[in-house]
Amino acid sequence: MGIKEFLKIISPDGENRLRVKIVVEKGKVIDIVVQYEARLEDKWHGIVRYDCSHGFFHRDIVHPNGDKDKYPIPITNLNDAVLYAEQDIKDRWKWYRERFKKEMK
């Protein structure tokens, strides 16, 4: 079993990043986590997470109080799931960040 973990900076100021974890067994992706994190008030916050815990691929929208809203995504191929998650976050990270900041107030 192989585990790949890495960070990708997604904004020029370095204050927004993706945390990615991919678990591969016998050449097949068996588990993933793609999380959008933003640095707000000198602290890193997980804001959106895609994973396949609970037995299905889904998006967790995280709130500043720690609550999470879970949205199932009907993708079963985890290679496709990683691409979907990364693209969604790259396309919408500003919106996710602003929503989170508004809830912090």
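The values are calculated or read from the model by the stated rules, or taken from the named source; none is laboratory data. Just so you know, these numbers come straight off a predicted model, no measurement behind them. No Cβ is skipped: glycine too gets one built from the backbone with ideal geometry, and neighbour counts run over all protein chains shown. Only protein heavy atoms, including side chains, enter the accessible area calculation; ligands, DNA and RNA are left aside. Shrake-Rupley method; radii C 1.70, N 1.55, O 1.52, S 1.80 Å.
Answer with yes or no whether residue 10 is at negative phi and open to solvent by less than 70 Å² (accessible area, probe 1.4 Å).
Values: at negative phi: yes; open to solvent by less than 70 Å² (accessible area, probe 1.4 Å): yes.
Yes; evaluated as a whole, the condition is true for this residue.
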Give me a count of the residues in segment 33-86 that are within 24 Å of residue 12 (Cβ to Cβ) and small (Gly, Ala, Ser). 3
Of all residues making up segment 17-57, the number that are over 13 Å from residue 86 (Cα atoms) and not charged (D, E, K, R): 17
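Please find, among 75, 89, the residue that is hydrophobic (A, V, I, L, M, F, W, C), open to solvent by less than 90 Å² (accessible area, probe 1.4 Å) and assigned to a loop (DSSP other than H, G, I, E, B). Before the answer, list the steps.
Working: 89 fails: assigned to a loop (DSSP other than H, G, I, E, B).
From the options 75, 89, the qualifying one is 75.
Filter segment 93-105 down to the residues that are open to solvent by less than 90 Å² (accessible area, probe 1.4 Å) and farther than 12 Å from residue 38 by Cβ and list them by number. Before you say what the answer is, go through the steps one by one.
Of segment 93-105, the ones open to solvent by less than 90 Å² (accessible area, probe 1.4 Å) are 93, 96-101, 103-104.
Matches in segment 93-105: 103 only.
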For segment 16-56, give me the residue count where each residue is surrounded by fewer than 19 Cβ atoms within 10 Å (Cβ to Cβ), among the charged types (D, E, K, R) and in a strand (DSSP E or B). 8
